[in-house]
Every structure is written in C-alpha cells, then in structure tokens.
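Worksheet: the structure to be examined is printed underneath.
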Amino acid sequence: GIQVEQSPPDLILQEGANSTLRCNFSDSVNNLQWFHQNPWGQLINLFYIPSGTKQNGRLSATTVATERYSLLYISSSQTTDSGVYFCAPVDSGNTPLVFGKGTRLSVIA
Amino acid sequence: GAGVSQTPSNKVTEKGKYVELRCDPISGHTALYWYRQSLGQGPEFLIYFQGTGAADDSGLPNDRFFAVRPEGSVSTLKIQRTERGDSAVYLCASSLNRGYEQYFGPGTRLTVT
C-alpha cells in the first residue's frame with residue numbers, strides 16, 4: 001500500500017513565525033486531506049486537496065500529485081495552532097485514508 | 001449541523017471481556033469508516049461501510065473484531081475477548097459518499113486492563 005512520510009516530525013515555533021510542513025507519498029492518489037489533531041484528540045479538517053492550492057485564513061496547502069507531495073503552510077502562528085498535523089492521502093482505487101505519523105507542532109508565546 | 005458522534009467517550013474493560021463501540025455518522029452520509037489510533041501514531045484503517053454493507057474490512061486485525069451497520073446509519077464496532085493490545089482510541093468517520101471528504105468523531109478511548 002501507499003507509504004506516507006511527514007517532515008519534520010517535531011517543530012517548535014515562536015508565536016508569529018511561519019512554517020511549512022511536508023508530506024511525501026509513494027504512489028498516485030485520488031485525494032488527500034490535511035488534519036489538525038488538537039490536544040483533546042479531535043481531528044479537525046483543514047483541507048481536502050487532491051491537487052492544486054487552497055487557502056483558508058492563515059493556512060494554505062498545495063498538492064503536486066504528479067510529484068507525490070503536499071505542503072501545508074502556516075503563517076503568523078498562534079499558540080492555538082499547537083497539536084499534531086496529519087496528512088492522509090487515499091490510494092488510487094481504494095477508499096480509506098492512509099495517515100502519516102504526523103508533525104507535532106508547539107507554538108510558544 | 002451535528003457532526004459525527006461516538007459513545008462511550010471512554011471505556012475501561014477487563015481482559016477477555018466483550019465491548020461494543022457506537023458511531024453516529026453525519027446525517028445523509030452513506031460512507032462510514034472505523035480507524036484505530038495508538039499513542040504517538042496516526043490513525044489506522046479498520047473497516048469501511050457503503051450503506052449497510054462492509055465494502056472493505058481489510059484493516060480488521062483478526063476475527064475478534066466485527067462491525068455492523070444494519071440500517072445504513074449508526075454503526076457498532078464489536079470486540080470479543082479483549083486483549084491489552086486492543087487499548088487505543090477508536091475513531092469513526094463519515095463522508096457523503098465514497099471518495100468524498102471524511103469527517104471524524106471525537107473517538108472512544110478503550111483501555112483493557
């Protein structure tokens with residue numbers, strides 16, 4: 001099955017800093033989602049982005065399916081951005097999301 | 001509108017006991033998924049329902065695990081003869097149809113003592 005690698009595994013930011021999280025995947029995908037898992041464990045949908053670029057406030061994401069990667073940009077980070085960010089593509093021909101190990105982000109005031 | 005809900009939020013059981021975990025998907029969503037998340041890991045797929053039928057159960061770890069969705073809405077994940085290794089957070093997700101964006105519930109934290 002598809003392999004998903006996220007980097008960096010851990011990231012500490014000062015409040016107000018910008019960051020880029022990367023997701024590499026090993027095979028072609030039908031779609032891809034980015035999630036933020038908050039400290040209470042809830043998975044919050046950020047983007048549904050099989051290809052192209054989308055923006056939502058301080059967050060944006062880009063997926064280049066032909067090169068098998070996706071990027072999540074966080075600008076002007078806030079302490080509430082802390083948590084784990086997961087990338088989860090769907091293998092072509094299949095249905096379930098395949099999750100990476102995530103990037104653990106800590107934003108310090 | 002209401003999101004995906006799961007009950008109970010926490011379940012502590014003794015090794016060898018039987019447990020049932022419930023998932024209420026978003027109204028109108030035909031696809032329902034169960035995942036399991038161990039500490040420090042991303043969620044792992046267990047089973048996917050399209051309507052009432054299990055379309056893909058390739059992620060179920062063994063035959064102690066079973067899930068049903070008899071009326072195409074609520075689903076129950078059933079675990080027989082629980083083992084300590086079954087301890088994890090069990091997550092349910094739903095989507096409008098196959099291939100659409102998936103939305104997750106808050107999870108059930110299962111602890112087997």
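Readers should treat all values here as calculations from the given coordinates under stated rules, not as data from a laboratory. Computed from a predicted structure; not experimentally measured. Positions of Cβ are generated from backbone atoms using ideal geometry, with glycine treated the same way; all protein chains shown enter the neighbour counts.
Observations on the model:
- Single residue of segment A:84-109 satisfying the filter (part of a strand (DSSP E or B) and not hydrophobic (A, V, I, L, M, F, W, C)) that is farthest from A:Trp40 (Cα to Cα): A:Asp91
- Lone qualifier among A:Ile74, A:Ile12 - being more than 14 Å from the chain's Cα centre (by Cα) and more than 14 Å from chain B (Cβ to nearest Cβ): A:Ile12
- Residues that are within 11 Å of another protein chain (Cβ to nearest Cβ) and over 11 Å from the mean Cα position of the chain (by Cα), drawn from segment A:88-106: A:Val90, A:Asp91, A:Ser92, A:Gly93, A:Asn94, A:Thr95, A:Pro96, A:Leu97, A:Val98
- Only listed residue being touching a His at 6+ places or on another chain (Cβ under 9 Å) and within 29 Å of B:Thr108 (Cα to Cα), chosen from A:Asp91, A:Asp81, A:Asp10: A:Asp81
- Hits in segment B:52-73 (condition: in contact with a Leu (Cβ under 9 Å, 6 or more places away or on another chain) and β-branched (Val, Ile, Thr)): B:Val68
- Considering residues of segment B:28-46 that are closer than 16 Å to B:Asp57 by Cα and of a type outside the set (A, V, I, L, M, F, W, C) only, the residue surrounded by the fewest Cβ atoms within 10 Å (Cβ to Cβ): B:Glu44
- Close pairs from segment B:96-108: first more than 13 Å from B:Gln50 (Cα to Cα) and more than 8 Å from chain A (Cβ to nearest Cβ), partner among the aromatic types (Phe, Trp, Tyr) and not in a loop (DSSP other than H, G, I, E, B), Cβ under 7 Å, at least 6 apart: B:Thr108/B:Tyr90
- Residue within segment A:33-43 that is within 14 Å of chain B (Cβ to nearest Cβ) and more than 19 Å from A:Ser106 (Cα to Cα) present: yes
- Of the strands (runs of 3 or more DSSP E) lying entirely inside segment B:1-58, the ones with 1 or more residues being free of Cβ contacts under 8 Å to residues at least 12 places away in the same chain and within 14 Å of chain A (Cβ to nearest Cβ) are found at B:53-56.
- Scanning segment B:67-85 for residues that are under 21 Å from B:His29 (Cα atoms) and within 12 Å of the chain's Cα centre (by Cα) returns B:Ala67, B:Val68, B:Arg69, B:Val74, B:Ser75, B:Thr76, B:Leu77.
- Subset of segment B:1-27 that is of a type outside the set (A, V, I, L, M, F, W, C) and within 20 Å of B:Asp63 (Cα to Cα) - its residue that is surrounded by the fewest Cβ atoms within 10 Å (Cβ to Cβ): B:Glu14
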